[in-house]
Structure formats: C-alpha cells, structure tokens
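Peer 1: Here's a structure for you.
The values are calculated or read from the model by the stated rules, or taken from the named source; none is laboratory data. What you are looking at is a predicted structure, and each value in this text was computed from that prediction instead of being measured. Don't worry about glycine lacking a Cβ; one is built from the backbone with ideal geometry, like all the others, and counts go over all protein chains shown. All accessible areas refer to the heavy atoms of the entire protein, side chains included, with ligands and DNA or RNA removed. Shrake-Rupley method; radii C 1.70, N 1.55, O 1.52, S 1.80 Å.
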Amino acid sequence: MKLQQIKFALAAVIMTTLFQSCSSDNSNEPTPTPEAKKEINLAASTTLGTYLTDKDGRSLYFFSTDANGQSSCTGGCEVVWPVFFVDNLTADKVGAGLTFSDFGSITTGSGKKQLTYKGWPLYYYAPVTSSDGYGGVNSPEAPGKTTGDGVGGVWFIAKPDYSIMIVRSQLVGHDGKNYKSDYTVGDGLTTYFTDAKGITLYTYKGDNFNKNNFTKADFSNNGVWPIYETDKIVVPSALDKSKFAVITVFGKSQITYNGWPLYYFGQDASVRGANKGISFPSPGVWPVPVKDIVPAI
C-alpha cells in the first residue's frame, strides 16, 4: 500500500512540473523591449514656453553669431558655452514634440563634434560660479535652469517654435561688397532678424505702417521679394513681442515689426547667412529689420 502511495505522489509531482513548464513555454505575453532613453527633450517654462534640453534636463542654447550655421564660439567662449553633442543620434532618442530630421551635426573649428537644430549649433551654459584661487571655475548650469537666455543679447534658449531669430553677421550685398549697419561700404557686424532657420528677413522703405505696398495682388513679383508668410509670433526674449503683428496681404498672412512688413530676398535662395538684398537695387532700399528700427508711418 505504501508503495502505491509513493507512486501516486511521484506522478503528481511530475505532472505539476510538466504543467508549469508548458505554461511558461506557451505564454502569450511578449518580452518587453527596453525603451531607448531620450537624449533630447522638450521642457516648459511659464516665461519662455517650450525649449530643448538634454536627457538630464539641462537647457540648450543658440548663439546669434552662428549666422551661417557654423560654430563661431571659440577660445574662451567654449569654456563658458560648451558644445552639445550626441553620438549616433537616432529618431527613437528624440523626445515627443521634436522631429528627428531637424537635427544635424557639424565639426567646430577646434575639431569638436556639435549637434545642430534647424541649422543652429547647440550649446550648454557653464558660467563662472566660484574661484579655485587661480581664477574662476566654470560650472555647468543645473537642470531646469535657463539663466543663459538673453546673455549679451546674443545667447538664447533653443526653442522649437521661433518665428523670429536674431543673428549678428557681416552684411554682404549682391554686389559682393561688405556693408556696415548704416549701409555704407565697410566691415562690421550688424544684429538683425531672420526666420527660425536663419534665413535673412528684410523691410521695404516704400511700405507704410502695417501696409505692404510692394506685393502685387496676383503675387507675380513675390519671387523677387517673397513675403514672410506666417501668423505665428514667437520671438527671442530680448525682443518686445508687442511690436510684432500679422497683416493680411491678398489673403495671405505676413508678419510685421514696428509696422514694417517682413520679406525674404529671392536671390538669397534660402541660403542661411546670405543677406544680398541689402544692396538691391541700391543700398538701404531693402534694409534688414533691427531691434531699434524707427516705426513705419
């Protein structure tokens, strides 16, 4: 009798083991795939809106003098504004609200790799926060901080939705000559407005306050001086948003600043950093918009 009980007990153990094995093998639940950590994200601020950060929440910035899409931050500048770079960035490492194709990479003059967004090189901010007895010590800005925005009037938080950006660059007319801010021939940087991708914008001396006097109703001359067609006003913190407006030009929206309608120049061919229109048809007829431009009348 005891032998039979032992046999029954042994059979029960074997059946239980087989059932557990089959249950495990036939599980319909897929093995979870680890989610790729986002290397670039969007954060939000009540004053700045949405802006780009790295994976740890550290803010990223644009530099106005990077007008042509290449890094112009060299020497001591690199210590205060370190480059941001992600090796082998892929679409699954870009956070919600961002588009992978908007990112690219460049090599700086010092040989460093740097990530770009909509053509703008990206930087961190690392101001001097203490002294080691020999000089200042630069410390990376803490996650969640945006104290680099507006520094020197040329450093701005990297936003995904700017409709206006500020650049500081040499003006070079369609005649190949260098021009100063007063449109006389000479060397010197001018700080002016572009669109979000750094394409130069212009005003027309023949316009009136919030009135486009150039564009024809059939847009037959729009290829020469295309209107900056947008109804969005998202500008760097250094600019007064209330000075911008949107007007309607034969059914299309055109942005204005201080009453001056804003245009592109066809011969710039959407090349970042090009500003050939400042001398066409003669210097000063189509000036670039600047922060302190006299309001149109």
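Peer 1: List, in the order given, every pair from K205/K276; K37/K197; K55/K145; K93/K232; K205/K232 whose Cα-Cα distance in the structure shown is over 18 Å.
Peer 2: K37/K197; K93/K232; K205/K232
Peer 1: Then there's this: Given Cβ point charges of +1 (Lys, Arg) and -1 (Asp, Glu) and nothing else, what value in debye, to the nearest 20, does the dipole of the chain about its Cα centre take? Intermediate values should be presented prior to the final figure.
Peer 2: Details: 26 positive and 26 negative charges, 45 e Å.
Value, rounded to 20: 220 debye.
Peer 1: Still on this structure, please answer the following. Once you put a point 7 Å from the Cα of N68 and another 7 Å from the Cα of E229, both along the Cβ direction, what distance in nm separates them?
Peer 2: 3.1 nm
Peer 1: Considering only protein heavy atoms, what is the solvent-accessible area of T74 at a probe of 1.4 Å, reported in Å² to the nearest 10?
Peer 2: Counting only protein heavy atoms, the figure is 90 Å².
Peer 1: Taking N as the number of residues in segment 86-238, what value does Rg over Cα atoms divided by 2.2 N^0.38 Å take?
Peer 2: 1.33
Peer 1: Then there's this: Using all Cα-Cα distances in segment 63-102, what percent lands in each 10 angstrom bin from 0 up to the longest?
Peer 2: The distribution over segment 63-102 is 23, 38, 34, 5, given as percents.
Peer 1: Using each residue's phi in segment 254-270, evaluate 6.51 cos²θ - 1.76 cosθ + 1.60 at θ = phi - 60° and report the 3J(HN,Hα) Karplus result to the nearest Hz, with x for Gly and Pro.
Peer 2: Residue by residue, segment 254-270 yields 10, 7, 10, 9, 6, x, 8, x, 9, 10, 9, 10, x, 6, 5, 6, 6 Hz.
Peer 1: Determine the principal axes of the Cα atoms in the chain, then give the extent along each, sorted from largest to smallest and rounded to whole angstroms.
Peer 2: 115, 63, 35
Peer 1: Cα centroids of segment 221-297 and segment 143-171: how far apart, whole angstrom?
Peer 2: So the separation of the two Cα centres works out to 19 Å.
Peer 1: Let me ask something additional. Show I157, I247 ordered by accessible area, largest first, where the area counts protein heavy atoms only and the probe is 1.4 Å.
Peer 2: The most accessible residue leads, giving I247, I157.
Peer 1: By how many nm would the segment from T99 to Q170 lengthen if fully extended, with 0.36 nm per residue of separation less the alpha-carbon distance? Mind dumping the intermediate values first?
Peer 2: On the way: separation 71, 0.36 × 71 = 25.56 nm, distance 3.10 nm.
Extra length available between T99 and Q170 comes to 22.5 nm.
Peer 1: Follow-up. Based on the Cβ-Cβ distance from T107 to S253, what FRET efficiency comes out when R0 is 30 Å, to the nearest 0.05?
Peer 2: Computed FRET efficiency for T107 and S253 comes out at 0.20.
Peer 1: Report V271's accessible area, 1.4 Å probe, all protein chains in place, as a number in Å² to the nearest 10.
Peer 2: Accessible area, nearest 10 Å²: 80 Å².
Peer 1: Could you work out how far helix 2-25 tilts from the main Cα principal axis of the chain, as a 0 to 90 degree angle to the nearest 10?
Peer 2: On a 0 to 90 degree scale, this one is about 10.
Peer 1: Between Y183, Y263, Y202, which gets the highest mean-square fluctuation from a Gaussian network model of the chain, Cα cutoff 10 Å?
Peer 2: Of the options given, Y183 has the highest mean-square fluctuation.
Peer 1: Share of the chain's accessible area from carbon and sulfur, percent, 1.4 Å?
Peer 2: Result for the chain: 55 percent of the exposed heavy-atom area is carbon or sulfur.
Peer 1: Calculate, for segment 203-266, the solvent-accessible area per residue in square angstrom, rolling a 1.4 angstrom probe over the heavy atoms of the protein chains.
Peer 2: Heavy-atom SASA per residue in segment 203-266 reads 47 Å².
Peer 1: Right, another one. Per residue Cα convex hull volume for segment 170-221, in cubic angstrom?
Peer 2: 136 Å³
Peer 1: Further, regarding this structure: I need the fraction of alpha carbon pairs in segment 192-297 separated by more than 25 Å, rounded to a whole percent. Could the numbers behind the result be given before it?
Peer 2: Values: 604 of 5565 pairs.
The answer is 11 percent, as a whole percent.
Peer 1: Follow-up question, since we're still on this one. Using only DSSP helix segments of four residues or longer, with each worth -39500 (n - 2.57), what per-residue ellipticity at 222 nm results for the chain after dividing by its residue count and rounding to 500?
Peer 2: Helices in the chain give a 222 nm mean residue ellipticity of -3000 deg cm²/dmol.
Peer 1: Let's test the formula: R0 of 25 Å, r as the Cβ-Cβ distance of D161 and K38. What FRET efficiency results, to the nearest 0.05?
Peer 2: Efficiency, from the Cβ-Cβ distance: 0.85.
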